[in-house]
């Protein structure tokens, strides 16, 4: 009869203790480990760790160590650790000291959730093109060394959340047109360009952030995105001398909006046309061509030093906390009861 393989001698009591600390149901949880403990864990032979997991019947599908900014274990080491585990979730965000190349993750084809935001990882997003099961991808605030053409992500058809703000990625927003399951799309402060007409079919979008990019086009193309709660097109087209433009009136039907930022664009029209957006909490129209009406009804005790637009919007938009109009900004006092 074949003898059962024993745990190797390299896995001493201390190593077993380290492993037992991180195995939690279907997760490998490194959130509370110090960098020294994590480094010790990584020094245990991988085959020994696998054998131990097999011995205790553990089949972890999630790797968790987010918000542990003391961990310096490089991304490549994490990738080696989980290879063969059919990992579905990798949550390493806010591990600010962690570096490494995302190329090491190319083989983790079972991933549905990958969040490396606010780390020091780098690489070309083309290396993630094969992770077709991904529903969430977060790489925001990594570094300008996170590069690549967004066209490489066009095949990730299951994506619902995509965050790449403050990275070095580039490409045309037309590449997102087929990602119809998207609910959140954030490419703020990147080299992304193209006409926003290509986003008109993303009707599930709840959050769209494209500020400080080179996108352009008429905001009328976004009028059909009825699920939007947050829309940020501020300072778009500045670098390429292109423009996001259109009449603000076309957004009047986006009744779920709570945050609307159109500052430093060529948007025009009359601010009174969005007074029906009663869920608004923040509105920024600084440096736009949006005008206020000449005459206003008397709203009694509502007194503001700002433009009359503040008064009418505050009257109708009872949740409004901040309004920025033209070159001025103010916090808005609570509505009178």
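The values are calculated or read from the model by the stated rules, or taken from the named source; none is laboratory data. What you are looking at is a predicted structure, and each value in this text was computed from that prediction instead of being measured. Neighbour counts are summed over all protein chains in view; Cβ atoms, including those assigned to glycine, are modelled from backbone coordinates with ideal geometry.
For (1) modelled with pLDDT under 95; (2) under 23 Å from residue 99 (Cβ atoms); (3) surrounded by fewer than 18 Cβ atoms within 10 Å (Cβ to Cβ); (4) touching a helix residue (DSSP H, G or I) at 6+ places or on another chain (Cβ under 8 Å), each residue gets a yes or a no:
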residue	(1), (2), (3), (4)
126	no, yes, yes, yes
132	no, no, yes, no
140	no, yes, no, no
148	no, yes, no, yes
169	no, yes, no, yes
180	no, no, yes, no
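For region 148-169, the tally of residues that are within 22 Å of residue 212 (Cα to Cα), within 16 Å of the chain's Cα centre (by Cα) and not in a helix (DSSP H, G or I) stands at 9. If you go through region 98-117 and keep only what is farther than 16 Å from residue 169 by Cβ and in a loop (DSSP other than H, G, I, E, B), you end up with 98, 106, 107, 108, 109, 110, 111, 112. Using the structure shown, decide if residue 131 is at positive phi, touching a residue at least 24 places away in the same chain (Cβ under 8 Å) and not in a strand (DSSP E or B). It is false that residue 131 is at positive phi, touching a residue at least 24 places away in the same chain (Cβ under 8 Å) and not in a strand (DSSP E or B).
Taken over region 47-78, the criterion of being under 22 Å from residue 32 (Cβ atoms) and part of a helix (DSSP H, G or I) is satisfied by 49, 52, 53, 75, 77, 78.
So that you can scan it fast, the table gives a plain yes or no per residue for (1) in a strand (DSSP E or B); (2) touching a helix residue (DSSP H, G or I) at 6+ places or on another chain (Cβ under 7 Å); (3) closer than 25 Å to residue 291 by Cα:
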{"site": "189", "(1), (2), (3)": "no, no, no"}
{"site": "201", "(1), (2), (3)": "no, no, no"}
{"site": "217", "(1), (2), (3)": "yes, yes, yes"}
{"site": "235", "(1), (2), (3)": "no, no, yes"}
{"site": "249", "(1), (2), (3)": "no, yes, yes"}
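Here residue 275 meets the list (1) surrounded by 19 or more Cβ atoms within 10 Å (Cβ to Cβ); (2) touching a helix residue (DSSP H, G or I) at 6+ places or on another chain (Cβ under 9 Å); (3) modelled with pLDDT of 55 or more almost entirely, failing just condition (1).
Here's the yes/no breakdown for (1) free of Cβ contacts under 8 Å to residues at least 60 places away in the same chain; (2) surrounded by 19 or more Cβ atoms within 10 Å (Cβ to Cβ); (3) in contact with a strand residue (DSSP E or B) (Cβ under 7 Å, 6 or more places away or on another chain); (4) closer than 25 Å to residue 143 by Cβ:
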{"position": "42", "(1), (2), (3), (4)": "yes, no, no, yes"}
{"position": "49", "(1), (2), (3), (4)": "yes, yes, no, no"}
{"position": "57", "(1), (2), (3), (4)": "yes, no, no, no"}
{"position": "84", "(1), (2), (3), (4)": "yes, no, no, no"}
{"position": "87", "(1), (2), (3), (4)": "yes, yes, yes, yes"}
{"position": "94", "(1), (2), (3), (4)": "yes, no, no, yes"}
{"position": "98", "(1), (2), (3), (4)": "yes, yes, yes, yes"}
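Against the list (1) modelled with pLDDT of 95 or more; (2) assigned to a helix (DSSP H, G or I); (3) over 20 Å from residue 154 (Cα atoms), the condition residue 121 fails is (2). Taking the conditions (1) surrounded by 14 or more Cβ atoms within 10 Å (Cβ to Cβ); (2) modelled with pLDDT under 85; (3) within 27 Å of residue 135 (Cα to Cα) in turn, residue 8 satisfies each one other than (3).
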